[in-house]
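Reviewing the structure listed below.
Readers should treat all values here as calculations from the given coordinates under stated rules, not as data from a laboratory. Nothing here was measured: the structure is a model prediction, and the numbers come from that model. Every residue, glycine among them, receives a Cβ derived from its backbone with ideal geometry; neighbour counts consider all protein chains shown.
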Amino acid sequence: MKESPPMCRKFLRPAGLLALALALLWGGVPFDAPARASSGPPVDNGQDAYIKNEVNLKLLNAADLDAVAQQFNLQLIEQFGKRPIFRMRVMDGTDAQAKAAALAADTTRVQFAEPNFTSGAPEGSGVSWSVGVSWSVGVSWSVGGEAQYGSQWAQNILRLAEAHKVTKGAGVIVAVLDTGVDRRHPALAGRLLRGHDFVDDDDDPSEEFPPGATTVEEARHLGPYGHGTHVAGLVALAAPEAKIMPLRVLDSQGVGNNWVLLEALRYALDPDGDPSTDDGAHVINMSLASVHKSGILRQIIGEACGDKGIESEDPTPVAPPAHPAVVAVAAGNQSSTLSMYPAAENAKGEISVGASSQSDALSAFSERGWPTVMAPGEGIVSSVPGGGTGTWAGTSMASPLVAGEAALVRASSPGLSPEDVVKRIHDTGVRPQPQQLIDRRVDAAAAVVPFANGTSSPVDATPDFVRQHYLDFLNRAPDASGLDFWSKGINDCGADAACVQVRRVNTSAAFFLSIEFQNTGYFVYRMYKTAFGNLAGKPVPVRYEDFMPDTQKIGEGVVVGQAGWEQKIEANQKAFALDFVTRQSLNGQNFGGAFPAGTGAGEIVGKMFTNAGVKPTDAERQSLLDELAPNPDSATLRADVLKKIAEHPSLVSQEKNRAFVLAQYFGYLRRNPDGGPDTDFTGYNFWLSKLEQFGGDFQKAEMVRAFIESDEYRARFGHF
């Protein structure tokens, strides 16, 4: 978890230089650089809230901004990319709803004008947590939580085990717009991609304690803390091989606003801003709701889904995303037929989700009548911050299960449009008897099993094989040039099967040997080795559930070959090292426990070298002692010394083969070497001895080939 900053961006985002330049270009448009704090408390209109003194504005022509701003006494806060959509401050004290109504009447220049309405987690606003939507802490992941999570009624009624024989969602990206995630939760290990926090405007989409809370126990009674982690865990339950893009759009009290949703949707479709990079989400989940319809938000959702009808309503259309996304949205918990938004925007490719019970009845709290489908939403077990499980209820729990099913459908039939995916999910759903006010309850197996006939594994296709390696080893979607380069190397073999096999092996191994992985994953391995030595009774220093989030953290924003990558990765490594020596870990590997306050510089340096298995020269040892001696308790000095020893050439060389073998398990099989089906390190030791027998030559050892051709690896993708 990250601590809340003193002044978090609850509603505002700092404008970039582009917005400032545009304001100057338009000559005299008042421009208000957004502060880090909100512009004031939300205004309650009796049903829902909106941000005081703010309107979201879509013009028919961006050139009219100057005149409109002056006439209506508005000040520019920021622009939505390069489009004629603007967030404006009301400068004359007029209520935002009244100002929006006046603007909307100017139909020759204004397409939409709306207060910046807020939205929230349905389980955190409008319905008491004590009546049907409360969550309770379950058990630690390490003492039964995983079994509780993986064998619950929702999984059985959706027939996920049967669906997973066809596909587990590999290659699909699901964006989760919510309160953030616990990025170190074991349920999410290896499943998270880089994300963004649109509340604080940074790259750390972690959950935050609500005001007044200092522990998980306190936090869960003060707000929807853990909502995003719970939702993300349900996506992972339904589609365990899909990647999750966490986007924080709701603050620690579960409140967001329409402008932030617009920003997050744009990011979800194209995180790096380069349309040539296939890094956008295939599915988007929004477990949030508002009573207010938004023309602007509807238009952006329609574009995200590829709804041609909605796109045709835009007088200033933009190029469609690389691949339109299915958008799953929680219908809300008002126990009524009241339309809740954005679920009721009715874009083609959007699916609104109500909640059902174990008896296949519509949940009492769920919206009814208008949602597309319903899914399990009562007594749902999933991940919660702190490494355990929790039980929650609400349409917010139903929606990510449907988003996960959409990921399965997209993985098993990539050619389907979002509209086709939604139709398939609906049409293959069960019709509960007696008839309910939402007539279909989803059935994942029915949606994907028919696709299995005559279908090959997706990793048999070269582009998918290469793309999966980017996701598995570098924790990111491939850049266009990298995807083309590695795909071409394999495709140049033509029909020569032996050539293809060799080049697939070489391509696969190249990801471990790459500069990017060596400076992220292998760096993490060496940091654990230096700090703690090997795990008790095991020949490796780090577990999968710790390795994956740490590797991802260091790799954030890094693409080797792009401008500034060296500086970025160095900065990330330093930041990680500082966090590493100060954080409290759930697995007991705490640097502060291994090196408590008061430990002398000589003992710290000596123990680190011993753990690393490196014998330093006298000069190397003395240099580190001189650095640490002024204040051995300094986190900054400890982090720097740890990093330097972890980068020692002897350590890099001597651990390479061990790390290479461990990376086979982490990257290909997504598990620890002694995790099921294995119960010990026999397999790991076998491949290490083979690799060392052939002097580290993975080709002669046939190690990489064995892993990528194994039934266990191929079963991740649906081994038909």
Taking T167, T530, T391 and counting other beta carbon atoms within 10 angstrom, the fewest-first order is T391, T530, T167
Once both label points are put 7 Å beyond Cα along the C-beta direction, the S335-T582 separation in nm becomes 4.7
Counted neighbours (other Cβ, 10 Å), sorted fewest up, put I515, I173 in the order I515, I173
From the Cα centre of region 59-113 to that of region 260-276, the distance in Å is 23
The answer for V540, listing residues at least 5 apart or on another chain whose modeled amide H is closer than 5 Å to its amide H, is L535
Quick calc, the chain, dipole around Cα centre from Cβ unit charges on Lys, Arg (+) and Asp, Glu (-), nearest 20 debye, gives 800
For region 268-371 the GluC sites (Glu not before Pro) that pass both the DSSP coil test and the at-most-15 other-Cβ-within-10 Å test are E313
Proxy exposure order for V402, V559, V524 (fewest C-beta within 10 Å first) is V559, V524, V402
1/(1 + (r/R0)^6) with r = Cβ-Cβ of T108 and A480, R0 = 35 Å, i.e. FRET efficiency to nearest 0.05, evaluates to 0.25
To the nearest 0.05, the calculated FRET efficiency linking S634 and I515 through their beta-carbon distance, R0 being 35 Å, is 0.70
Matching label for the computed log10 I(q)/I(0) by the Debye sum over Cα atoms at q = 0.05, 0.09 Å⁻¹, out of [x] -0.37, -0.97; [y] -0.47, -0.85; [z] -0.25, -0.81, is [z]
In whole angstrom, the spacing between the Cα centers of region 621-665 and region 364-430 equals 45
Charge dipole of the chain built from unit charges on the beta carbon (Lys, Arg +1; Asp, Glu -1), centred at mean Cα; most positive-end Cα among W153, L437, G696 is G696
Taking 0.36 nm per residue of separation between R621 and A161 and subtracting their Cα-Cα distance, the length gained on full extension comes to 160.1 nm
At the level of C-alpha centres, the distance separating region 189-223 and region 469-534, in angstrom, is 31
